[in-house]
Amino acid sequence: MVRFTVLASGSRGNSALVCSGRTRILVDCGLSCRELFRRMKLAGEDPATLDAIVITHEHSDHVAGVAVTARKLGIPVYFTEATHRAWMRWLAPRRQMTYAQWLEQCRRQAAERQAEADAPEEGEPDASDLAAESTAEAPATEAGEAAPTAGKDPAWLPSVQYFEAGTPFAIGDIAVNPFTVSHDAADPVGFVFQAEGVRLALATDLGYVSPNVRAQLQRLDLLLLESNHDLEMLRDGPYPWSVKQRVLSRVGHLSNEAAASFLEEGYDGQAAYVILGHLSENNNLPELARLAAERALSCHASLLANRILLAAQHEPLPPVCF
Ligand SMILES: [Zn+2]
Ligand SMILES: [Zn+2]
């Protein structure tokens, strides 16, 4: 049996679960580890049985809990290399320095090295000394900069696996096909998962449905598609104009109208379930997203296909089983 469960969907956190009889994959980890586990239990899933985490892109609503979760469970995390690098940069932001500040830092470090060289030998420092050293640097950082955690690398993961968009790979008995989406991240992807003859696709965080995305989202049994905002609500809504521009752009988010136009004209109408996700809490209403998709899908006359579900931000959807 294949199961798909949306644990959270929206700008405050995204996570979904793809399970076959043998393999369980978490797609994105935008909740805290504690909240993720709570929701998995609500959905009847045991976190201890997870095999891997795959990441679509490095925005915090998709990765906020990934390090803690992967460490706690001792499982690998699959990224593209560019996404992994961007995620590490996000965890350890470097302070922008002026040239004068840089010179001052060089002088200070040289003086510290000199002081160390002058100090009497006390043998090799052990790991706890090194930890203390990196903690000791923390007070020197300016307010607002993330202080290093005591001796621990915040980006440390039990295992990192790289994949490339356009190159399918397998985790257990689930085939994973990552495809490029247009979004303002380092190397964002969507996924098609296939197991036991069932095909599931996840496509959120995309500015528009490119020809490549359209080609991927066919012959599916389940489609999780972004339906982020209602165009009028976004235009009249509270966001500053620069943010509105970003959301509306081709590397932003898919509107109800754009999702509907894909469902009407670009999609083969075969999926048993269409789940609308990543709905904006400020610029959308679930009824508007549903109505737009219903209208669009009415052209695909089929009694068994295209049941519409709405993924929510604050509670998991009941699992969809095949
Ligand atoms: Zn997102
Ligand atoms: Zn994003």
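So the label point goes 7 Å from the Cα of Leu291 along Cα→C-beta, right? Which residues of segment 229-259 then have their backbone N under 15 Å from it?
Only 229-234, 256-257 pass the distance filter.
Which of the trypsin sites (Lys or Arg not before Pro) found in segment 184-234 are in a DSSP loop and have at most 16 neighbouring Cβ atoms, other than their own, within 10 Å?
Here the sparse-neighbourhood loop sites are Arg219.
Return a whole-number percent for the relative contact order of segment 1-58, with Cα pairs under 8 Å and 6 or more residues apart as the contact set.
Rounded, it is 30 percent for segment 1-58.
Stretch Ala48-Phe169 to full length: gain in nm at 0.36 nm per residue minus the Cα-Cα span?
Working it through step by step, the gained length comes to 41.2 nm.
Just to confirm the filter: which GluC sites (Glu not before Pro) across segment 211-314 are DSSP coil and have at most 16 other Cβ within 10 angstrom of their Cβ?
Here the sparse-neighbourhood loop sites are Glu281.
Sequence gap at least 6, Cα distance under 8 Å: using those rules, report the relative contact order of segment 208-318 to the nearest whole percent.
Over segment 208-318, the number comes to 34 percent.
Report the paramagnetic label zone for Arg307: residues of segment 263-287 whose backbone N is under 12 Å from a point 7 Å from Cα along the Cα-to-Cβ axis.
Answer for this model: 272-275.
Report the full-extension gain for the segment Trp241 to Arg34: residue separation times 0.36 nm, less the Cα-Cα distance, to one decimal in nm.
71.0 nm
Under the rule of at least 5 residues apart or a separate chain, name every residue whose amide H is placed under 5 Å from the amide H of Arg199.
Counting only residues 5 or more places away or on other chains, the set is Asp221, Leu222.
If I take every Cα pair under 8 Å that is 6 or more residues apart in segment 24-83, average their sequence separation and divide by the length, what percent do I get for the relative contact order?
With pairs under 8 Å counted, the relative contact order is 42 percent.
Values quoted throughout were computed directly from the atomic coordinates according to the rules given, and no laboratory measurement underlies them. The structure presented is a predicted model; accordingly, all values stated were derived computationally and were not measured. All Cβ positions, even for glycine, are placed from backbone atoms using ideal geometry, and neighbour counts span all protein chains on display.
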